[in-house]
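Trainee: If you scroll down you'll find the structure; I have some questions about it.
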Amino acid sequence: MDELTALQASYAFKMGEKLVELKAVAELIIPGGRSEDIATAISELSGLVHKLSGYAKTFGITELGSTAKT
């Protein structure tokens, strides 16, 4: 197994953890919540999605990368 393939496998393995993290942050954005908390959660969510898009593109998961950009 070459290095890139090993990195892709490692990334795929960690994807479940990343999705759980994204979901947890997204759930902080609730109607009626404090605007400061919502703004912080949106900012954090934006950063996580940006990283996800970059990682996906790097590891050849183009569909995920494209979806994360939208």
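Rundown of residues vs (1) of a type in the set (Phe, Trp, Tyr); (2) in contact (Cβ under 8 Å) with a residue 12 or more places away in the chain, yes/no style:
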residue: 2; (1), (2): no, no
residue: 11; (1), (2): yes, yes
residue: 19; (1), (2): no, no
residue: 35; (1), (2): no, no
residue: 38; (1), (2): no, no
residue: 43; (1), (2): no, no
residue: 52; (1), (2): no, yes
residue: 58; (1), (2): no, no
residue: 62; (1), (2): no, no
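Trainee: Continuing with this model, one more query. Consider residue 28 against the criteria (1) surrounded by 14 or more Cβ atoms within 10 Å (Cβ to Cβ); (2) assigned to a helix (DSSP H, G or I); (3) modelled with pLDDT of 75 or more; (4) aliphatic (A, V, I, L, M): it satisfies all of them except one. Which criterion is unmet?
Mentor: Residue 28 satisfies all of (1) surrounded by 14 or more Cβ atoms within 10 Å (Cβ to Cβ); (2) assigned to a helix (DSSP H, G or I); (3) modelled with pLDDT of 75 or more; (4) aliphatic (A, V, I, L, M) except (2).
Each row is one residue, and each column tells you yes or no for (1) part of a helix (DSSP H, G or I); (2) open to solvent by less than 90 Å² (accessible area, probe 1.4 Å); (3) of a type in the set (Val, Ile, Thr).
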site: 11; (1), (2), (3): yes, yes, no
site: 17; (1), (2), (3): yes, no, no
site: 20; (1), (2), (3): yes, no, yes
site: 49; (1), (2), (3): yes, yes, yes
site: 52; (1), (2), (3): yes, yes, no
site: 57; (1), (2), (3): yes, no, no
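The values are calculated or read from the model by the stated rules, or taken from the named source; none is laboratory data. This one's a predicted model, so the numbers in the text were calculated from it and none came from an experiment. Neighbour counts run over all protein chains shown; Cβ positions are idealised from the backbone, glycine included. Note: areas computed on protein heavy atoms with side chains; ligands, DNA, RNA excluded. Shrake-Rupley method; radii C 1.70, N 1.55, O 1.52, S 1.80 Å.
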